[in-house]
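First comes the structure, then the notes that go with it.
The values are calculated or read from the model by the stated rules, or taken from the named source; none is laboratory data. These numbers were taken from a predicted model, which means no experiment stands behind them. Cβ sites come from the backbone with ideal geometry, for glycine too, and all protein chains shown count toward neighbours.
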Amino acid sequence: MPQFENTDILGRILKATLGVISRRTSDAYANVVIGNAIRKIANKYTFLNSIKIQGTQYIEVYDIVTIEEDINNVEQKKIINAVNEFLESITKSMGKDAGYYFLREIKGSFPYDFEEKIRELGIDLDYLQFKFLTDLKQSSKYHMKNTEIIRNVMKILFEILDRDLGRDVSYRLMSELVERLSTEYNIFKYVKINDIRSIQNVDIVTINEDINAVESDVVGVAIQKIIQEIFNSFTDQGGFSFIEKLKSHLNAEYLMKLGELGINLDVIQLKKELVVKHVLIALVDVLSKSSNQNYAVMVVNNVLKKFELKFEYLKNIKISSENISEENKRVFVSPEIESVNSSELGRGIQKIVEDITFSLGDAAGPYFIKNFRKQLGKAYILRIEELGVNLHMIDLKRNLTW
C-alpha cells in the first residue's frame, strides 16, 4: 500500500471537505466553515498556518489548497490528531441533519487505498460518524411510538406519490398495497388509507393504537416492504429518484430511528449486480466460518458452474480466490445481469443457496440458512424475496429430506 506524506493527507481531506460542503451549500460558505474550523485549532496545531485555501472560483488558475512543504517535517501523529479534531469540529458545526451525511460523503469521495491507509494511521471516518451519531442519540429526546413512525412514513410516501403521479393513482396504489400486504404483515391490519378525494379534513392514514404493542423489528420489516413495493410501482410509472426524494423528507433523527428498526433505504434501489455480489459474499463468509475462505470460494464457484447450463447468466459470474481487500471486487458480475428477468435471477439464487445447504449434510446444514440470513441482514432478505427467493422454503425442504 502506498505511503502518503502529510501534505497529501491534509490536501486530500481539505479538498474533499470543500467539495462536500460546497455541493450542499456554496463555495463561499465552504471556505468560511473550513477557515473557521482551522482557526479554532490553529493555536494548538501551529503547523496549520502553513495551509492556504483558495476560493473554488480560482481552481483553473491555482490549486484549491496549497500547503507548504515543511509541513512534511511535522510528526505524523500530530497531523492525525489535528485532522480528527478538524473533522469533528466541522461535523458538529453543520448541525445534526447535514452532519449525518457529511462524514459518509467524505469517505465516499476517497479511493479505497487512501481511506484504508488513513484509517490505519488513526483517521477512522466510520468511528467519527459513529461517535457523532452516539452523541446525537444521547442528546436527543426523539422517542416515537409505532403509530407515529408509521403515520409519518405513510404520509410522506403519499405526498411524494401525489406530487408525481396524481391523487387518484396515489390513493389506489397505497390502499391496494395496504390491503394486499395485510395478509402477510399483520401490522397493516391496523392501518387504513382514507380516501381524501371524497372526505374533507382527514389524514391520508388512520392507525389503530393497538399497533404500539407490536415488536419494533416487525414494524421495521413491514415498513421496508411497503417502501420497496412503492419504489417498484413508482419506477414502473416512470418516476425517478424516489429514494432520494424520500430521504429529503426525513431528518437525521428520523433516519436514525428507521435505521434502528432495520430499515435500509439504500438497499431498495441497489442494482441486481450489487445484490448478487452481496449474496455471494455472504455465502462465502458463512462457509468460511466452518472451513476456510479458499475452500468456501471453490464451493460457491463450483455451484455456479453446476447451474450455468440452466441459468446462462451464471457463466458471467465468478468469485476470485485471491486475497483482495475490497470485498465487492472479489466477485465479478457482468453488468448484463441487469437485463435478466427478475424471477429468472431469483430462481438461480434459490438453486445456488439450496444446493449448498443440502451439500453440507446433517452436521452443518441445519445452521447454514440461519447464519446466512444473519449475514445477509433483513433489508437484503426482503430485496432477494422481491426476486422470488424463498429461504423459508429451502429450510422446509431440508427438514423434510432429513
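Every condition in (1) closer than 22 Å to GLY220 by Cβ; (2) modelled with pLDDT under 90; (3) among the acidic types (Asp, Glu) is met by GLU105 except one, and the failing one is (1). Please go through segment 24-44 and pick out each residue that is free of Cβ contacts under 8 Å to residues at least 24 places away in the same chain and part of a helix (DSSP H, G or I). Selection gives TYR29, VAL32, GLY35, ARG39, ALA42.
Residues are listed down the side, and each one gets a yes or a no for (1) touching a Ser or Thr at 6+ places or on another chain (Cβ under 8 Å); (2) over 12 Å from VAL353 (Cα atoms):
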{"site": "ASN264", "(1), (2)": "no, yes"}
{"site": "GLN269", "(1), (2)": "no, yes"}
{"site": "LEU274", "(1), (2)": "no, yes"}
{"site": "VAL284", "(1), (2)": "no, no"}
{"site": "SER291", "(1), (2)": "no, yes"}
{"site": "ASN294", "(1), (2)": "yes, yes"}
{"site": "VAL300", "(1), (2)": "no, no"}
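Tell me whether segment 108-130 contains one or more residues that are among the small types (Gly, Ala, Ser), surrounded by fewer than 19 Cβ atoms within 10 Å (Cβ to Cβ) and under 17 Å from the mean Cα position of the chain (by Cα). Taking every residue of segment 108-130 in turn, at least one turns out to be among the small types (Gly, Ala, Ser), surrounded by fewer than 19 Cβ atoms within 10 Å (Cβ to Cβ) and under 17 Å from the mean Cα position of the chain (by Cα).
For (1) more than 23 Å from ILE230 (Cβ to Cβ); (2) in contact with a strand residue (DSSP E or B) (Cβ under 9 Å, 6 or more places away or on another chain); (3) outside any loop (DSSP other than H, G, I, E, B), each residue gets a yes or a no:
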site	(1), (2), (3)
LEU246	no, no, yes
TYR254	no, no, yes
VAL284	yes, yes, yes
VAL303	yes, no, yes
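Of a type in the set (Gly, Ala, Ser), farther than 30 Å from LEU255 by Cα and modelled with pLDDT under 85 - does that describe any residue in segment 52-65? Looking through segment 52-65, at least one residue is of a type in the set (Gly, Ala, Ser), farther than 30 Å from LEU255 by Cα and modelled with pLDDT under 85.
Quick grid of which residues meet (1) modelled with pLDDT under 90; (2) among the charged types (D, E, K, R); (3) surrounded by fewer than 16 Cβ atoms within 10 Å (Cβ to Cβ):
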residue	(1), (2), (3)
SER140	yes, no, yes
ARG163	yes, yes, yes
ARG172	no, yes, yes
LEU177	no, no, no
THR206	no, no, yes
SER216	yes, no, yes
SER241	yes, no, yes
SER248	yes, no, yes
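Among the residues of segment 326-353, what is the count of those that are among the hydroxyl-bearing types (Ser, Thr, Tyr) and at pLDDT 85 or above? Before the answer, list the steps.
So the first thing to find is which residues in segment 326-353 are among the hydroxyl-bearing types (Ser, Thr, Tyr), and the list is 334, 339, 342-343.
With the extra rule that they be at pLDDT 85 or above, the set shrinks to 334.
Selection size over segment 326-353: 1.
Figure legend. Inter-residue proximity from segment 370-391: first residues more than 20 Å from LEU265 (Cβ to Cβ), second residues among the polar types (S, T, N, Q), beta-carbon distance below 6 Å, spacing 6+ or different chains. Indicated pairs: GLY388/SER343; VAL389/GLN350.
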